[in-house]
Amino acid sequence: MKFKRRSTEALGDLICGNNSAADEKQPHFVYRSSSRLTEFFQDLDTPWTHDGGTRHRWVADVLDVMLQEPHEGDTHTPDIFSRVIDQLMSPQDALNEGPDRPAALATLNDVLRREGFEAFYSDDHHCYLRHIGNDTVSGLQMNPHRPFSVTETKRRDDLARFLAMCSEDQLIEEVLLPLFRQLGFHRITAAGHKDKALEYGKDVWMRFTLPTQNRLYFGIQAKKGKIDSAGVTKASNANVAELLNQTLMMLAHEIFDPETNRRVLVDHAFIVAGGEITKQARNWIGNALDTTKRSQVMFLDRDDILNLYVVTSLPLPAGALPPVSSNLWEQLGSPF
């Protein structure tokens, strides 16, 4: 990855605290002398020591080297660069503004947007980088099993309520498609439910590019409610036997990738449920498939969706936002 030189020098000015004429009276970035610059990079566990040269140009040279570090692709920045931005925007270093640092954030984003990125604060009060083109986030702690903050827990509860009331199309279009885009999948195409003749057992197909540039293709079979293995299934649930047939259709049917201009088979199938996928249902599918097909099937249930949605910091669907009070007297005040 390579940034324009004027961008890295501008970032160097922010790290050094070289304030512009407009900010001289009320600067928003901490001034760092030669020794403080060395401390800044040592705090990141890097070996850089200021050599006495022009400070912002030296920092620009360091950033240029950091941007050459291995990373996930052009839509992500190297981890060390993301950590530099996070440390630069630490709420403890706020000057002449609150800990959310709106003025400093706006100044930083004026520079980053030239390169197709923008910085934002997440619920954990750390600063991350988002690619403007496809909203992928660099440096975010993506472990869905980590403890959640109070704010993250509330977002999870709001989304859980939405999953309990949404339709199958809403589950796909408003939850799954944004989620898989954020996770780095490409060419995500929804078959939709208006014309089932062309669905062939899959609701969505998508592509994932490995670091070796090889491509894997995935299909998604999504169900709104619980997936179980009961002989008599409730109306809101989906029976696993029906899903097995749709999964086999998905794996056997070719899809056309217009970017490569060829037909390909689906490599892996996701069975996704807006409710619970019971252990019995998972075991039933595992026993019914042969060894080769078994490795192609993966499961994603309600808890997986909720956890992944929270750790990727995706905005909630419109239907999951807390409702506005419908009590007119609360909004206007009672005249009596």
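Since every read-out is calculated from the coordinates, none of them should be taken as a lab result. Just so we're clear, the structure is a prediction, and the values are computed from it rather than from any experiment. A quick note on method: Cβ atoms are made from the backbone with ideal geometry, for glycine too, and the neighbour counts reach across all protein chains shown.
Some notes on this structure:
- Listed from fewest to most Cβ neighbours within 10 Å, the set Ile277, Ile227, Ile188 follows the order Ile188, Ile277, Ile227.
- Segment Gln68-Ser34, extension gain: residue separation times 0.36 nm, minus the distance between their alpha carbons: 9.8 nm
- Of the peptides 61-70, 114-123, 206-215, 174-183, the order by per-residue mean of other Cβ atoms within 10 Å, starting with the highest, comes out as 174-183, 114-123, 61-70, 206-215.
- Structure note, pairs Lys154/Lys293; Lys223/Lys293; Lys224/Lys293; Lys25/Lys154: Cα-Cα distances above 29 angstrom occur for Lys154/Lys293; Lys25/Lys154.
- Spin-label pair Thr49/Glu173, simplified geometry with 7 Å Cα→Cβ offset, distance in nm: 6.1
- Using the Stokes-Einstein relation with a Kirkwood hydrodynamic radius computed over Cα pairs, the translational diffusion coefficient of the range 150-320 at 25 °C and a viscosity of 0.890 mPa s comes to 147 µm²/s.
- Exposure proxy ranking, count of Cβ atoms within 10 Å, fewest first, for Met298, Met1, Met89: Met298, Met1, Met89
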